[in-house]
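Note sheet for the following structure.
The values are calculated or read from the model by the stated rules, or taken from the named source; none is laboratory data. Just so it is clear, the model here is predicted, and its values are computed rather than measured. Methodologically, a virtual Cβ is constructed for each residue, glycine included, from the backbone with ideal geometry; neighbour enumeration extends over all protein chains shown. These accessible areas exclude ligands, DNA and RNA; they are computed on the full protein's heavy atoms, side chains included. Shrake-Rupley method; radii C 1.70, N 1.55, O 1.52, S 1.80 Å.
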Amino acid sequence: MNEKTSNSSLLQESNARGEKRSFEIYNEKFIKVSTNSLIDNNSYHLNLSLLAPWPVRHRDISWQWLLAVFYFSLTTLAYTTYLFYFQESSKVEKLLPFVVVFLLLSLASFLMFLYRSSNVIEFKSRYGNCVVLSLLYNNPSKKEFKDFIEEIKLRSLLASQAVKIEKNQMLEIEMNELKRLRNEGIISQHHYAAAKALSLIHISEPTRLQ
């Protein structure tokens, strides 16, 4: 690859997820994605011609963890109310540890609710419809986020238009890239298999993919 020239970048932070994401567009048609969290650190590169330039917003609410928040919060409130009205020292000493435990469980459930409830903008691969790029919505600010998204859309269009090869060849390149991302642990085997199956719809004579 030629000498790297940075075009623009975006840094995102999520306190709820304990995560930092950085995105750098370079050499006009590539993007580097780095993710640093408490449990994992990874980075990968993408050719922007791989992307479908029509991102979608994905907003998911983790109802299981939301119910857990309500359950532990109500239990904490019930214990606290009981101790308030029955202030016998023996009962306070016996029940106070339960109040503390349920309070901590309420906090932990709330953090897990925030972690599992995603609010992101996703870019998918052009033919396989596989999510390969995910950005936290309106982070760090609405303007910065919107400007960066628009630049990705424009550069992905320009990069795809600059590729002068047949559709079957473009499809094969995409599947090779998705295979690389699967091997690097960026996408799952399940998503790779689904993308491979969907990609066969786009060609009249399926290319043999491994």
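Restricting L77, L83, L38 to those that are open to solvent by 80 Å² or more (accessible area, probe 1.4 Å) and more than 23 Å from I187 (Cβ to Cβ) reduces the list to L77.
Within the stretch 22-40, being at pLDDT below 95 and in a strand (DSSP E or B) holds for T35, N36, S37.
Residues of the stretch 1-46 that are small (G, A, S) and over 16 Å from the mean Cα position of the chain (by Cα): S6, S8, S9.
Screening L171, L157, L135 for residues that are open to solvent by less than 60 Å² (accessible area, probe 1.4 Å) and either in contact with a His (Cβ under 8 Å, 6 or more places away or on another chain) or not in a strand (DSSP E or B) (or both) leaves exactly one candidate, L171. Of all residues in the stretch 141-149, none satisfies being in a loop (DSSP other than H, G, I, E, B), among the hydroxyl-bearing types (S, T, Y) and closer than 19 Å to H45 by Cα. Of all residues in the stretch 95-111, one or more are surrounded by 14 or more Cβ atoms within 10 Å (Cβ to Cβ) and either within 18 Å of the chain's Cα centre (by Cα) or assigned to a loop (DSSP other than H, G, I, E, B) (or both). Here E151 meets each of (1) surrounded by 15 or more Cβ atoms within 10 Å (Cβ to Cβ); (2) modelled with pLDDT under 95 with one exception, condition (2).
Scanning the stretch 41-60 for residues that are open to solvent by 70 Å² or more (accessible area, probe 1.4 Å) and either among the aliphatic types (A, V, I, L, M) or assigned to a strand (DSSP E or B) (or both) yields a count of 5.
Matching residues to (1) open to solvent by 50 Å² or more (accessible area, probe 1.4 Å); (2) among the hydroxyl-bearing types (S, T, Y):
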site: F113; (1), (2): no, no
site: R126; (1), (2): yes, no
site: S141; (1), (2): no, yes
site: F145; (1), (2): no, no
site: L181; (1), (2): no, no
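Residues in the stretch 90-145 that are of a type in the set (S, T, Y) and closer than 28 Å to K179 by Cβ were compared, and the one that is modelled with the lowest pLDDT is S118. For Q189, all conditions in the list (1) open to solvent by 30 Å² or more (accessible area, probe 1.4 Å); (2) under 21 Å from R21 (Cα atoms) hold save one; what is the number of the exception? Among (1) open to solvent by 30 Å² or more (accessible area, probe 1.4 Å); (2) under 21 Å from R21 (Cα atoms), Q189 violates only (2).
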